[in-house]
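All remarks here apply to the structure that follows.
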Amino acid sequence: MQCGLVNFAENDNCRRCGAALSAVATVEPEPAAKRSGTGGIGRRLLWLGGVTVVLVFLWSRSLLLTSDPIDEREQQIVRQAVSLLERSGFSREVLVLRHFANYRATDNWWNLYLGHAGAYAATNFPLGVVTLYPAFFNTSADDTERAAILLHEAQHLWGSGEDAALELVWRNKQRLGWTAEQYGQTRVWMNTREWTTAAVPTLFQCGPDRQRDCAEGSQ
């Protein structure tokens, strides 16, 4: 109202100045702006992404803190095997083995929980932790066999499963120089053939008798 007098609701005119109360405009508060749905989802995704990064970092640190690194002598052996892979043209595998893998000499808590009986190495994907067991250094015949083991672990570093890793190594063994003629009686060869036969039986069903190695002669 024009004069500022407070009137009762039933009054049609102001009791002081006579102005019509119905003519006074009522100002309605504007509704609060609705939050953008896209903005809310974006913030939620950023929050989830941040939490995921922190959890992965803590998980990775826990694996390193509960295991021991390989020593200088063992590092040199690994470098020689990786160099052999490089000379054989496995550039993709060499990339992760040199620049992403973190080599350990003892099991971390996660490996102890899972168990890796009889393994030469174990890889924790996607954290890049590669555990090299004593058999990797002592049972393997030479750099070529150690390169074959690392070629297998490199597949896990890229996210491949066990069957795929076994198949790739077996199909590429001659390219690596790992042949039956020279290594057919070694422990690593016999173990790998046994595991690969169980995982990919079709690799050993070639020839007229369906008993031959399908990877023989492949490059």
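This table checks each residue for (1) buried (at least 16 other Cβ atoms within 10 Å of the Cβ); (2) without any contact (Cβ under 8 Å) to a residue 60 or more places away in the chain; (3) more than 17 Å from residue 75 (Cβ to Cβ).
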residue: 98; (1), (2), (3): no, yes, no
residue: 105; (1), (2), (3): yes, yes, no
residue: 111; (1), (2), (3): yes, yes, yes
residue: 132; (1), (2), (3): yes, no, no
residue: 168; (1), (2), (3): yes, yes, yes
residue: 176; (1), (2), (3): yes, no, yes
residue: 186; (1), (2), (3): yes, yes, yes
residue: 200; (1), (2), (3): yes, yes, yes
Check your understanding: Tally time: how many residues in segment 58-101 are part of a loop (DSSP other than H, G, I, E, B), touching a strand residue (DSSP E or B) at 6+ places or on another chain (Cβ under 9 Å) and not charged (D, E, K, R)?
Key -> 3
Check your understanding: For the subset of segment 52-96 comprising residues that are more than 17 Å from residue 129 (Cβ to Cβ), at pLDDT 95 or above and polar (S, T, N, Q), which member is surrounded by the most Cβ atoms within 10 Å (Cβ to Cβ)?
Key -> 88
Check your understanding: Of the residues 141, 154, 119, which single one is closer than 22 Å to residue 64 by Cα, of a type in the set (A, V, I, L, M) and part of a loop (DSSP other than H, G, I, E, B)?
Key -> 119
Review point. Scanning segment 166-212 for residues that are assigned to a helix (DSSP H, G or I) and among the charged types (D, E, K, R), which turns out farthest from residue 86 (Cα to Cα)?
Key: 194
Practice item. Test residue 182 against the stated conditions and say whether it is surrounded by fewer than 13 Cβ atoms within 10 Å (Cβ to Cβ) and without any contact (Cβ under 8 Å) to a residue 24 or more places away in the chain. Key: no
**Study point:** Which numbered condition residue 49 fails, given (1) modelled with pLDDT under 95; (2) among the small types (Gly, Ala, Ser); (3) surrounded by 12 or more Cβ atoms within 10 Å (Cβ to Cβ)
**Key:** (3)
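The values are calculated or read from the model by the stated rules, or taken from the named source; none is laboratory data. Not measured: the values here are computed from a predicted model. For neighbour counting, all protein chains shown are included, and Cβ atoms are generated from backbone atoms with ideal geometry for every residue, glycine included.
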